[in-house]
1. Probe of 1.4 angstrom, ligands and nucleic acids ignored: what's the accessible area per residue over region B:278-339, in square angstrom?
2. Could you grab the relative contact order for chain A? Cα pairs under 8 Å, six or more apart, rounded to a whole percent.
3. With +1 assigned to the C-beta of every Lys and Arg and -1 to the C-beta of every Asp and Glu, and no other charges, what is the dipole magnitude of the protein assembly as shown about the Cα centre in debye, to the nearest 20?
4. For chain A, with every protein chain kept in place, what is the accessible area per residue (1.4 Å probe, Å²)?
5. Out of the trypsin sites (Lys or Arg not before Pro) in region A:13-61, which ones are loop residues according to DSSP with at most 11 other C-beta atoms within 10 Å?
6. Across peptide A:77-87, what mean number of C-beta atoms from other chains lies inside 10 Å of a residue's C-beta?
7. Measure out, as a whole number of angstrom, how far apart the alpha-carbon centroids of region A:88-144 and region B:168-229 sit.
8. Average partner chain C-beta neighbours within 10 Å, per residue of A:167-180?
Amino acid sequence: METKMIEMKGVNKWYGDFHVLKDINLTVKKGERLVVCGPSGSGKSTMIRCINRLEEHQEGQIIVDGIELTDDLNHIENVRREVGMIFQHFNLFPHLTILENLMLAPTWVRKMPRREAEEKALYYLERVKIADQALKFPGQLSGGQQQRVAIARGLCMEPKIMLFDEPTSALDPEMIKEVLDVMTELAEEGMTMICVTHEMGFAKTVADCMIFMDQGQIVECSPPAEFFENPKSERTQLFLSQIL
Amino acid sequence: MVWLRRNLFSTPFNSGLTLLTLYLLWLAIPPIVDWLFLQATWSGESRAACEPNEGACWAFIDARFNQFIYGLYPSEAQWRVDLAFILLGVLFAGFFIPGVRRSWIAVLILIPYPLVAWILFSGGSWGLEEIDTAQWGGLFLTLVIAGVGITASFPLGILLALGRRSNLLVIRSISIGFIELIRGVPLISVLFMASVMLPLFLPEGVNFDKLLRALIGISLFQAAYMAEVVRGGLQAIPKGQTEAAESLGLGYWRTMQLIILPQALKLVIPGVVNTFIALFKDTTLVLIIGMFDFLGIVQAATTDPNWLGTAVEGYVFCAAVYWLFCFSMSRYSVSIERKLDTGH
Ligand SMILES: Nc1ncnc2c1ncn2[C@@H]1O[C@H](COP(=O)(O)OP(=O)(O)OP(=O)(O)O)[C@@H](O)[C@H]1O
Ligand SMILES: [Mg+2]
């Protein structure tokens, strides 16, 4: 039996009176790759941010790698250690060099010796192909480079799950490919991933499962072949016709 | 010549302004130089020694110099003050020696040093004669108050700023209440309360040092201002920074310590230094609770019958010394800002 990495059961969330997430049920198995799409404001970000508790849910259960997310701070920190997150605007730490950005969490959270953390950081920088920038500051890098650094920073914690929230939508077209290449490589190595993205080419190559969200609900959840060829719901059809 | 041409005489209007400024300087500078240096009297026993000359009576400063620096601190014990300040200087020099861990020096300055300095200043142990804080004074007292005020109000202000942005209602309310209460009253009244009213509330026999009370009053007062300056910096840091740090598994305190505060404090260096400078000058207010800081002691000396008529010299000297300290702080902050610049 494959292990379940993420389980969301009957999750509901409100911002005041506004019902953002409506009865979300989702299971992600180890090594599975999900791509989430949907119109703006449909709750995609909110859903994946609930998985590492950047947002709180009010109803239902979220279990990540066997740990249920509750108010317990220890649980939250344990989950966050195993879940990497990549943001639309990179969110690198501008006062630290690239190398320090990467070494920070391993040294402070995993209590790794500095030398080991540095080796690991350089290894992952090599993998995203920017080892030569290690001593620069984030402000001195291009957007694409910054996003690759952000991915390397996440990987340095050796997470079991990676969440991507529109990682390429703040990038110029010529930089999108370099970031998607890194993500594709990661997917091929068997990382469990949830990506919110509108890069449908990427989705077709890597996704095991496509999710379409609208107005806080998961409207459709099916393999890419089926999702793109004959989507079940009208809303999905409409959305796909608009973006393809 | 090219520089002159480009900057001072680029247009007829500009040339006119330049000439006018030169003329005004020509009018103002010679009499000032005359008064300050050429016609001044540099030594003497009383005001009478200065009578023959038109210029400043620096003999007054010269004669009272020791008192201006140490107040009424007994002269046979003044080496203790010197020693403590030399010690501090040596510790600070450590910051500029490459290879020495800065955090270690900071810890040394913050924990053992104040204790050592306190013992040196007030005595009573290690075979040192006890010297009551009522005898402390002059520039020495000013530096003690400013130093303690700065080192206490800075961390306290940071905690208050964090408290004001906390999610915990109790902590937030306490921080807001404290900041708004303290900011709403003048420093003079805080000092009065600390020196006059506090003893009324304390039980009989419990009585702690007047200087200590003033120090607490000033530190709390400046902490409230510091908190608002720091909060301005905290607000300028995008939410994404906290989110990124937390998503990596860093807890609240580590996130603040490693990610948010380094960036926020860098942004508010000008405001922090502004508060430090204000604090340095506000120390003069201890005069009203009967302590003779630098300004107080200079002012007191001008009323000495032997030196009547030297008030101007006293205040000019005072202003020059305060200016020197404040200007150094300002320059130092500029150099820190430059060093921390990472181009974002
Ligand atoms: N802190 C908040 N307070 C109130 N409403 C919020 C908050 N954050 C998000 N929302 C609302 O929740 C809804 C879902 O937001 P979310 O960011 O999850 O959408 P999204 O699907 O990621 O959209 P996009 O494609 O634009 O990123 C939006 O309508 C948004 O206005
Ligand atoms: Mg979003």
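1. 50 Å²
2. Values: 434 pairs, mean separation 62.1, N = 244.
Dividing the mean separation by the residue count of chain A yields 25 percent.
3. Dipole magnitude for the protein assembly as shown comes out near 400 debye.
4. On the way: 10830 Å² over 244 residues.
Normalised by residue count, the accessible surface of chain A is 44 Å².
5. Working: sites: A:13, A:22, A:29, A:30, A:33, A:44, A:49, A:53; in loops: A:30, A:53.
Passing both the DSSP loop test and the Cβ count: no residue.
6. 3
7. Spelled out, the Cα-based centre of one part sits 44 Å from the other.
8. Across A:167-180, the average partner-chain Cβ count within 10 Å equals 0.
The values are calculated or read from the model by the stated rules, or taken from the named source; none is laboratory data. Being a predicted model, the structure only gives us computed values, none of them experimental. So basically every Cβ, Gly included, is an ideal-geometry build from the backbone, and we count neighbours across all protein chains shown. The area values use the complete protein model at the heavy-atom level, side chains included, leaving out ligands, DNA and RNA. Shrake-Rupley method; radii C 1.70, N 1.55, O 1.52, S 1.80 Å.
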